[in-house]
Structure formats: structure tokens, C-alpha cells
Amino acid sequence: MKINQSFLLLLLSTITSTGSVSAFSAVSPDMTRSRLKEALCSPSGKLTLSPELIIPEPTDPTALLLKSTEVTKVSERIRTSAKANVAFIEGSIGSLRSFAAEQENARGQFPSPVPVVFTGIAPGSDDAVDLDEAADAGVSGIIVSVLNGKAISTVQDLIDQEDGSLKDQCEKALASRLQPIPEVFLVGGTQWEEEDVVKLVDVLTEKCGDAGEPVSVVLTIDAPEESDDDEEGSEDEEAKAAFLPKVPKALGKRVPIIGSVKVPAGGGRMSQYTKLMKESGFTGAYLRADCVPGFRMNPDLEAVGGFWCAAIGDLKSVKSKNFSFRSKVQLDKDVPLEWYNYQKNIMESGALGDFSGPAQDVNSDAGDYLGF
């Protein structure tokens, strides 16, 4: 008797998917919390690096059929090439399932699976993600926006304005076996000393209700508006990072404090900013999609995956940052993201060069960028 090959493939896929769901469902909340905390906090004290991936829902029928394969490929690259600590995913339940399943299939291998944190619904998707489905798909945590993204300048602002919604969101997430990670937005240009950050975490713990102390806290700084009279030097990333919160080491070990990085790649900006974050005591860096040049105009997963592999590799490197990437083929579109064809890029390391030395032969029109 002949059996249709497509039917066999569909059957095998269904069995594999069912097995994965069962495995995820069997993981206890304590185990999920432990794995997520370990991933966000490096035992050696190094800054952990976790990229944000926005996975839009394709409208083209062919792209829709290939989406699962593309998500699986980028998941593997984030784990094996980029060696990221955690993957923050904005996408549909299908994308979450494909990404997390690939990670779980690598359990027991090296590099080990990367925990997945859900950040929101993908562009083009009208369906809300059920939290129970997300947990069954293998998602470990979820970003919970404090005060709906409204920035605060003092801890008292949080005490005065929080109306109980944080408690509801955190307890709902835990009921679905997801670890809630509060994201607090801070007004740019305000000073946050160590005692302020400690008090902030204590208030968050209280506001989270029965959820208790969060597994981690994300701090996102709203950049202050710049006037037309500002000098050119005011755009320097070191000046912008002067108001980074000061995180005490003891607190970072107890609750990993992750800082958002939104500076655009190029000119060593990401490297400089993450260095200052480390000096300020942050446990890890949440590398936002804003770092990817042109990401809103070209959400190609293959290109974005290649960017994060290169960027995270560079941020982890102790070599000189004086190098450039050049795309194999100059593209016609005037989009910053087009500066590389990541599979054919050539990294020209300048480890023996001097960052402050003579100007490099960088042709931005040809797609060259100096460092990350």
C-alpha cells in the first residue's frame, strides 16, 4: 500500500510537536525560573547579551509557508553563532513555538538552549497570544510593562501611580507558568543612585503581589529630547550614558538588572554603551531591535540573524574594535541594513591597529560601518 509522502511528513511533524508540548508542560515553574535567572546572570560577572527579535507575520503565501523554517534557522544561529544568553521575541504563537522547539531540541548539547522571553504581538498579527499556549510552546518569561510604559523620575512616582495592574499582570503570568519580567521606563537625564535602584526593586516586589520578587528587572531609559542648540558633542554616547542608574553588585546577584540598549550600530556606539553599563553595575544588556540599521524597513530574519551574530560576537570580543564590515554586493536600496550580505561578509580585524590612529579606509556608500 502506498502512503503519500506529504502525509507522512505531516504526521511526523504532529507527533514531534505533541512531544515538545508535553515536555514543556512538564517543566516546573521553579525550574523555568532557575534556568532564566542563570541565563541572565553570568557566573563570571560578565555582561550578558540578549537580543530582541521581531518576527512579523508575512503576507505572501510562499513566505508564510517558509516562515517556520526561517524561524528555526535564526533560532539555531542565535544559539550556536551569536551565543546569546536569552532571546527576547516579539511574534505570533507559531513563531514562538518554532523558535522554542528548536532550542529545546538542543537540550543536552553545547551551546545549551537559549531561554525565550515573549515581548509582544508581531506586526501583521491580529491574534492575541494566549499565555498558556506560550508556556506550552516553551516560552520561559514575559515582559510586563510597568505603568504601561510611562517613564518615572523617582521611586515615589511608581508608588503614587501604580494602580494594581502590575500585580494582576504578574500573577496572571505565573498562573500560566511564565516568569514575569517588569520593564521600568526611566526619564532620561535623572540620577539613580544605588539606594534608589534597591528601593525600586523592593517596591516592584511589593507591587507584584503574590508573584513576589521578579526573576529579573529591565530598566529602559527614555532619551532626553535634544534642542537645536545642542553642541555636536552632546550626541556622544558616553555623555548620553552619564545618567545610567548605579546598580549595587549585591542586588545584581539577587535580581539580575538588565538595561535596554537602543543605540544604532556603527562607530563603536553599542560597544561603548555596553561598556558603560557594565561599569554602572548592570547584570546584562537587552539589545533592542533599534540597534539594527533599517530594521523597520527590512525585517528579513536571515539578515537580522546575521547582524546579531556579528554584533554580539564583537561585543564579547576582547580584540580591538577597529574593523569594518563590507557587503559583497552593493545594493541599490538606500537602506542602512543593506550594508551586508551576512553569509558573504568579510571581517577585516584591526586587532593590531590603534583606535585613535589614522583614519580607516571606510566607504559608507559601499556599505562600510566601523565597529558596533
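The values are calculated or read from the model by the stated rules, or taken from the named source; none is laboratory data. Note that the structure is a prediction, hence the values are computed from the model and not measured. Every residue, glycine among them, receives a Cβ derived from its backbone with ideal geometry; neighbour counts consider all protein chains shown. Surface areas here come from the heavy atoms of the whole protein model, side chains and all, with no ligands, DNA or RNA. Shrake-Rupley method; radii C 1.70, N 1.55, O 1.52, S 1.80 Å.
Looking only at the stretch 207-222, which residues are assigned to a strand (DSSP E or B) and at pLDDT 95 or above?
V217, V218, L219, T220
Within the stretch 10-28, can one find any residue that is modelled with pLDDT of 75 or more, in contact with a helix residue (DSSP H, G or I) (Cβ under 8 Å, 6 or more places away or on another chain) and part of a helix (DSSP H, G or I)?
no
Going by the structure shown, is L200 open to solvent by 20 Å² or more (accessible area, probe 1.4 Å), among the hydrophobic types (A, V, I, L, M, F, W, C), in a helix (DSSP H, G or I) and modelled with pLDDT of 90 or more?
Here the answer is no, as L200 does not meet what is asked.
For Q169, only one of the following conditions fails: (1) in contact with a strand residue (DSSP E or B) (Cβ under 6 Å, 6 or more places away or on another chain); (2) open to solvent by less than 10 Å² (accessible area, probe 1.4 Å). What is its number?
Looking at each condition in turn, Q169 falls short on (2).
List pairs: first residue in the stretch 193-208 and more than 10 Å from I159 (Cα to Cα), second residue of a type in the set (D, E) and open to solvent by 10 Å² or more (accessible area, probe 1.4 Å) anywhere in the structure, Cβ distance under 7 angstrom, at least six positions apart or on different chains.
Within 7 Å, the pairs are T205/E213.
Yes or no: D160 open to solvent by 40 Å² or more (accessible area, probe 1.4 Å) and modelled with pLDDT of 95 or more?
yes
Could you list, in sequence order, all residues of the stretch 253-277 that are at negative phi and open to solvent by less than 20 Å² (accessible area, probe 1.4 Å)?
Result: V255, P256, I257, I258, G259, S260, V261, V263, A265, M270, T274, M277.
Looking at E57, E76, can you tell me which residue is touching a residue at least 12 places away in the same chain (Cβ under 8 Å), open to solvent by 20 Å² or more (accessible area, probe 1.4 Å) and part of a loop (DSSP other than H, G, I, E, B)?
Going through E57, E76 in turn, just one is touching a residue at least 12 places away in the same chain (Cβ under 8 Å), open to solvent by 20 Å² or more (accessible area, probe 1.4 Å) and part of a loop (DSSP other than H, G, I, E, B): E57.
Which number in (1) modelled with pLDDT under 95; (2) closer than 19 Å to P214 by Cα marks the one condition that R107 misses?
Every listed condition holds for R107 apart from (2).
Quick check on the stretch 82-94. Is at least one of its residues surrounded by fewer than 22 Cβ atoms within 10 Å (Cβ to Cβ) and modelled with pLDDT of 95 or more?
Checking the stretch 82-94: at least one residue is surrounded by fewer than 22 Cβ atoms within 10 Å (Cβ to Cβ) and modelled with pLDDT of 95 or more.
Would you confirm, using the coordinates I've provided, whether I143 is open to solvent by 10 Å² or more (accessible area, probe 1.4 Å) and β-branched (V, I, T)?
Spelling it out, I143 is indeed open to solvent by 10 Å² or more (accessible area, probe 1.4 Å) and β-branched (V, I, T).
Spot the failing condition for E194; the list is (1) touching a Lys or Arg at 6+ places or on another chain (Cβ under 7 Å); (2) open to solvent by less than 30 Å² (accessible area, probe 1.4 Å), and only one is missed.
All conditions pass for E194, except number (2).
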